[in-house]
2 protein chains.
Amino acid sequence: MKQHDNSIFTDAYFMKEALKEAQKAFDMEEVPVGAVIVSRDRIIARAHNMTQQLRDVTAHAEMIAITSASNYLGAKYLNECTLYVTLEPCLMCAAALRWAQISRIVYGAADPGEGYTRVRTAVLHPSTEVIPGIMEQPCAELMKEFFLNRRDLKN
Amino acid sequence: MKQHDNSIFTDAYFMKEALKEAQKAFDMEEVPVGAVIVSRDRIIARAHNMTQQLRDVTAHAEMIAITSASNYLGAKYLNECTLYVTLEPCLMCAAALRWAQISRIVYGAADPGEGYTRVRTAVLHPSTEVIPGIMEQPCAELMKEFFLNRRDLKN
């Protein structure tokens, strides 16, 4: 676990930052998923889902955050970084995180439908540590609210 | 099968175009994978692997081609398109192609190490047809040559 004593930089602290990103997506009528990538207690990338706005299925929060963090570091590998994301990554994002050899993944809500854990074969890089369920409730609620609103719009 | 009688637009025809892209990657010392996306016998996106140049693990040929084709079409879904790619897609790209609901995937060489077929769970969209092994030999040879060269460089 990365939680230091007496540090404000807990997993929940950074997950709140990811949630702010998810809220931005929500406000843009995007599926509300947000992510930040942290290196040595500093946020080096922030992103939220932009698939509607960019009309691009690859524009998930995690994918944008990976590209952004790599640009920032000038390095392909994120092996001293933690990704915080409000929703369990899908298979595309999990496999991208494998390529990036990220050290840690911390996620909020589970995604039984599209989350990468639906696949039994190891998807992530063997050196990646995973912490599920941080701030699970607010992360899940933002998703629920979004899809509830959309159903209302359709009726 | 999409092979029309008397048409030059066979799967091999478009795979040769993907191979040209792979050759460009090779010449740039990128892992030589190339892709084109075709809609109604027209190439609407071309791309090759750029992970080294962009220092971005997400910059696989298929990912760039998906984004490019979506930009061209102004649409997130590629459900009347065929992707031609010289190497079996990895899990990230296969999952992206699932999100894109692409109609057909035609690939050249198999990739037993990182190819998506290493996962037993269904990765692709259920409506996606897959044609493996088109122009397998030249596709595989370009990869072999690339890694052989790299080994020589290391010695």
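Laid out as a table, the results:
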{"item": "At least 10 Å² of accessible area lost relative to the chain alone, listed for the stretch B:68-107 with a 1.4 Å probe", "result": "B:Ser70, B:Asn71, B:Gly74, B:Lys76, B:Cys90, B:Leu91, B:Met92, B:Ala95, B:Ala96, B:Arg98, B:Trp99"}
{"item": "Computed FRET value (nearest 0.05) for A:Leu148 with A:Lys16, which takes r as the C-beta separation and R₀ as 25 Å", "result": "0.65"}
{"item": "Percent carbon-and-sulfur accessible area, the protein assembly as shown, ignoring ligands, DNA and RNA, probe 1.4 Å", "result": "51"}
{"item": "Subset of A:Lys76/B:Lys16; A:Lys20/A:Lys144; B:Lys76/B:Lys144 violating a 28 Å alpha-carbon distance limit", "result": "A:Lys76/B:Lys16; B:Lys76/B:Lys144"}
{"item": "Total accessible area lost when A and B pair, probe 1.4 Å, Å² to nearest 100", "result": "2600"}
{"item": "Amide H partners (placed H, <5 Å) of B:Cys81, local residues excluded", "result": "B:Ser103, B:Arg104"}
{"item": "Relative contact order, percent, the stretch B:1-143 [alpha-carbon distance under 8 Å, six or more residues apart]", "result": "21"}
{"item": "Dipole magnitude of the protein assembly as shown about its Cα centre (Cβ charges: Lys, Arg +1; Asp, Glu -1), debye to nearest 20", "result": "20"}
{"item": "Equivalent ellipsoid, the stretch A:53-101 (semi-axes from 5 times Cα gyration tensor eigenvalues, Å)", "result": "18, 13, 10"}
{"item": "Cα-only Debye scattering, chain A: base-10 log of I(q)/I(0) at q = 0.09, 0.20, 0.21 Å⁻¹", "result": "-0.26, -1.28, -1.41"}
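The values are calculated or read from the model by the stated rules, or taken from the named source; none is laboratory data. Since the model is a prediction, treat every value here as computed from it, not as a measurement. Note: ideal-geometry Cβ built from the backbone for every residue, glycine included; neighbour counts use all protein chains shown. Surface accessibility is based on the protein's heavy atoms, side chains included, excluding ligands, DNA and RNA. Shrake-Rupley method; radii C 1.70, N 1.55, O 1.52, S 1.80 Å.
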